[in-house]
Amino acid sequence: MGTTGIRFDGVTVAYDGNVVLDALDLTVAPGEVMALLGPSGSGKTTALRAVAGFVRPAAGRVLLGDRDVTGLPPHRRGIGMVVQQYALFPHMRVEDNVGFGLRARKVPRAGIRARVAEALELTGMAGHARRHPRELSGGQQQRVAIARALAIRPDVLLLDEPLSALDAQLRSGMLAELARLHRELPGMSILYVTHDQVEALTLADRIAVLDRARLRACGTPRELYRAPTDAFTASFVGGANLLPVTVGTGGVDFAGTEVDVDTAGAAAGARATLCVRPHLVGIGAGPNRLTGTLAELQWRGATHRLYVDVSGHRVMADVRELREPPVLGADVTLHFAAEDAVLLPAGVSADDQ
């Protein structure tokens, strides 16, 4: 496997005049895992299909390395692809499913055997080569689909919601497997489409957030989580409290309460959004106190999530499991540190759409 990156150069895709991907400029570095994250209809799967060759851009170019593949059919792009439905041939054994792409490329029989064995070993499915798909679990079928994609030794691997059909435990295990695969195949570039924030945060080197056909933000998981650029990105990359505030001279005003945060670059009197992650909100005495009424309480095993009504705004706090949690309707005081809050432009979050 080589070291080929992916570049979207002003790629626009439209169906019947409806733009579903709008002038996308994005580069996936050689060997990088890039997650495309966004709600349904945001354009992420369309972007993936443009790389695969299943849709033709109305404008712009798709490049693999230095090669312009915009006009090439899928079978000439040398790309591996895995979709959520597995798409295995039910009448074929595992080894024949994995070798299908190699046979289509007219690889010699001895070469097919060696590469099928290699791909099955990589995915932990070497002991299942003679089975049919119906004899496998969902997680095992997905491993076979990944092995089939890897058997052609692609420079680029496309993953379209590959874990969405699996239950939570299998999904967690497959995430670990995909991470291991990438460590073993560091030269392979991966473009990973998902709507699952945990998958993106866990697997990706960088995340591209799409919304309504356009790229909203791109950065490392840590950058987008800790320092999002807008309310939409903040709410879509991990849960967030997004509080409407007015910028003052030494902080901001939230529902009549002065809050001490960094307002550098913001004009006094301007409306803004204050972003605070729920796990950074504590209960009891502390800086930046907000007092309200407990509206909802959720036990999540190791933690409790509190939803506190503060002057008509619901504020979330994720705290270590409470031995004696407050009762619904009780007065609760929350607090957070100034350095744990990020001031964003006033705008629409993912929850508002």
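Below is a table of values for the structure above.
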read-out	value
Selected residue (criterion: nearest to Phe100 (Cα to Cα)) from residues of the range 48-80 that are among the basic types (Lys, Arg) and outside any loop (DSSP other than H, G, I, E, B)	Arg76
From the options Arg222, Arg214, residue that is in contact (Cβ under 8 Å) with a residue 60 or more places away in the chain, surrounded by fewer than 19 Cβ atoms within 10 Å (Cβ to Cβ) and not aliphatic (A, V, I, L, M)	Arg214
Some residue of the range 244-252 being on the phi > 0 side of the Ramachandran plot and touching a residue at least 12 places away in the same chain (Cβ under 8 Å)	yes
Within the range 290-313, considering residues that are surrounded by fewer than 14 Cβ atoms within 10 Å (Cβ to Cβ) and charged (D, E, K, R), the one farthest from Pro345 (Cα to Cα)	Arg300
So Val19, is it among the β-branched types (Val, Ile, Thr), surrounded by fewer than 21 Cβ atoms within 10 Å (Cβ to Cβ) and out of contact with any Pro (no Cβ under 7 Å at 6 or more places or on another chain)	yes
Complete set of residues in the range 157-170 that are at negative phi and buried (at least 19 other Cβ atoms within 10 Å of the Cβ)	Leu157, Leu158, Leu159, Asp160, Pro162, Leu163, Leu166
Residue check for Glu339: under 32 Å from the mean Cα position of the chain (by Cα), of a type outside the set (S, T, N, Q) and not in a strand (DSSP E or B)	yes
Any chance Ala50 is closer than 22 Å to Gly187 by Cα and in contact with a strand residue (DSSP E or B) (Cβ under 6 Å, 6 or more places away or on another chain)	yes
Residue within the range 81-92 that is crowded, with 18+ Cβ neighbours inside 10 Å, assigned by TED's automatic domain parsing to the domain that holds Leu175 and either part of a helix (DSSP H, G or I) or among the polar types (S, T, N, Q) (or both) present	no
Tally of residues being touching a Leu at 6+ places or on another chain (Cβ under 9 Å) and surrounded by fewer than 16 Cβ atoms within 10 Å (Cβ to Cβ) across the range 127-148	3
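Yes/no per residue for (1) under 16 Å from Thr194 (Cβ atoms); (2) touching a residue at least 24 places away in the same chain (Cβ under 8 Å); (3) out of contact with any strand residue (DSSP E or B) (no Cβ under 8 Å at 6 or more places or on another chain):
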position	(1), (2), (3)
Gly43	yes, yes, no
Leu72	no, no, yes
Val82	yes, yes, no
Gly99	no, yes, yes
Pro108	no, no, yes
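The values are calculated or read from the model by the stated rules, or taken from the named source; none is laboratory data. Being a predicted model, the structure only gives us computed values, none of them experimental. Glycine also receives a Cβ, built like all others from the backbone with ideal geometry; neighbour counts cover every protein chain displayed.
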